[in-house]
Amino acid sequence: MVLRRGFLCSLACLLSSIAVTAALGRQGDALDKLRKGATAASSSDFDTFAFSDLTSRLYAGYGSKEDDRIVELPGQPAGVDFDQYGGYVTVDDRSGRALFYYFAEAAGNRSSSEPLLLWLNGGVSHPQLRPGCSSLGYGAMEELGPFRVMSDGKTLYRNPYAWNSVANVLFLESPAGVGFSYSNTTSDYGESGDRKTAEDAFVFLVNWMERFPEYKGRDFYIAGESYAGHYVPQLAYTILQHKNQSAAGAAINLKGIAIGNAVINDETDARGIYDFFWTHALISDATVEAIHKYCNFSPNAVEEPPQCIDAAREASQVFEQLDIYNIYAPLCFSPNLTSPPKKPSVRLLRLPPSLLLDSSHVSNAWKSCRSTISIPVRISTSTHT
């Protein structure tokens, strides 16, 4: 039996995103979805990216800075020395599409002197899965935000490694359907893609700066992880494109980008995972030799021979015993569990919105990731700037 080459990229994507799927308790489901969706062809959505006129979607006069001010998050510790904001910014009035943000200004009353940084989380990369995971639930609450969530799922404590010690950090829930972001047009959830995501993020920034004019012209950086290896450079490209061809992006003073554990190119990313396993003595010489001999990682490859599929499946057994982000660390969860317990941040954000934040800030139930099977989304097999 000959299986489609998408299995290889699917497996590689699963390995690189296993921390998220494990946290959500959908490890087996995610693998099944990836395998079932592997026959769909990827369509490049950004490689031939052309200038789009977004004028009609800019400068939406909805909301205000003061309306978005967060006096206090639930369970917040005392002595917080920075301002916080959260709310929605409309990115497409006709479809009713709005993106949610959480903004933590620089600590120590230094917001006026520190740069602005936008953080974007990634998500599963696959032709039939909408990439995107919550920048609030993961980026802000588990990684670089000002707070972490205690094991009770209710109480916050200060993060000693928070990035808002050196910058004003803006967390964006993108694309629509991720986190608290939403659209009133149901078809938007099945028609996402790199280009649409970049354009929405650009429109968000322009409209957000109308609400926060003090950040116009401020040194601006974009950072992210995982599938943000696409989102970050593509948003940067969009900003520069509009800056050069219209006045819309003039207020965005882009200075640089940063990406961690980036999904950039399907071919090199997928091959690199197997090479990493082999160089760390996790798979055998025979397995890696078979992968190199029989597997074609090119985006143009249509089918893979049985020898490739067998070797890839042999290698896939490794991740079940490992923390893929730190192969030397012990697994946090017992292997006897049929489903890992939900992380404290997930439990907190799945509280009713009215209990989490003032109802004026949140109007949509929180979703950790948007990775359900839908019509093929438009993604690029590689990142081009």
Considering residues of the range 215-230 that are assigned to a helix (DSSP H, G or I) and under 20 Å from TRP163 (Cα atoms) only, the residue modelled with the highest pLDDT
TYR215
Restricting to the range 303-323, name every residue that is more than 28 Å from the chain's Cα centre (by Cα) and not small (Gly, Ala, Ser).
GLU303, GLU304, PRO305, PRO306, GLN307, CYS308, ILE309, ASP310, GLU314
Pair list, Cβ under 7 Å, 6 or more apart: the range 311-326 residue within 16 Å of LYS293 (Cβ to Cβ), other residue at pLDDT below 80 and of a type in the set (A, V, I, L, M)
ALA312/LEU8; ALA312/LEU11
In the range 87-120, how many are within 22 Å of TYR227 (Cα to Cα) and either hydrophobic (A, V, I, L, M, F, W, C) or surrounded by fewer than 18 Cβ atoms within 10 Å (Cβ to Cβ) (or both)?
10
Take the range 145-175 and flag every residue that is surrounded by fewer than 24 Cβ atoms within 10 Å (Cβ to Cβ), of a type in the set (A, V, I, L, M) and either more than 26 Å from GLU214 (Cβ to Cβ) or in contact with a helix residue (DSSP H, G or I) (Cβ under 6 Å, 6 or more places away or on another chain) (or both).
VAL149, MET150, LEU156
Go through the range 158-175 and count every residue that is assigned to a loop (DSSP other than H, G, I, E, B) and at pLDDT 95 or above.
6
Applying the selection to the range 239-270, what residues are touching a residue at least 40 places away in the same chain (Cβ under 8 Å), farther than 30 Å from ALA167 by Cβ and surrounded by fewer than 20 Cβ atoms within 10 Å (Cβ to Cβ)?
GLU267
Of all residues being crowded, with 22+ Cβ neighbours inside 10 Å and of a type in the set (Asp, Glu) in the range 176-235, which is farthest from ASP93 (Cα to Cα)? Just the residue, please.
GLU225
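The values are calculated or read from the model by the stated rules, or taken from the named source; none is laboratory data. Treat the numbers as computed from the prediction; the structure is a model and nothing was measured. Note: ideal-geometry Cβ built from the backbone for every residue, glycine included; neighbour counts use all protein chains shown.
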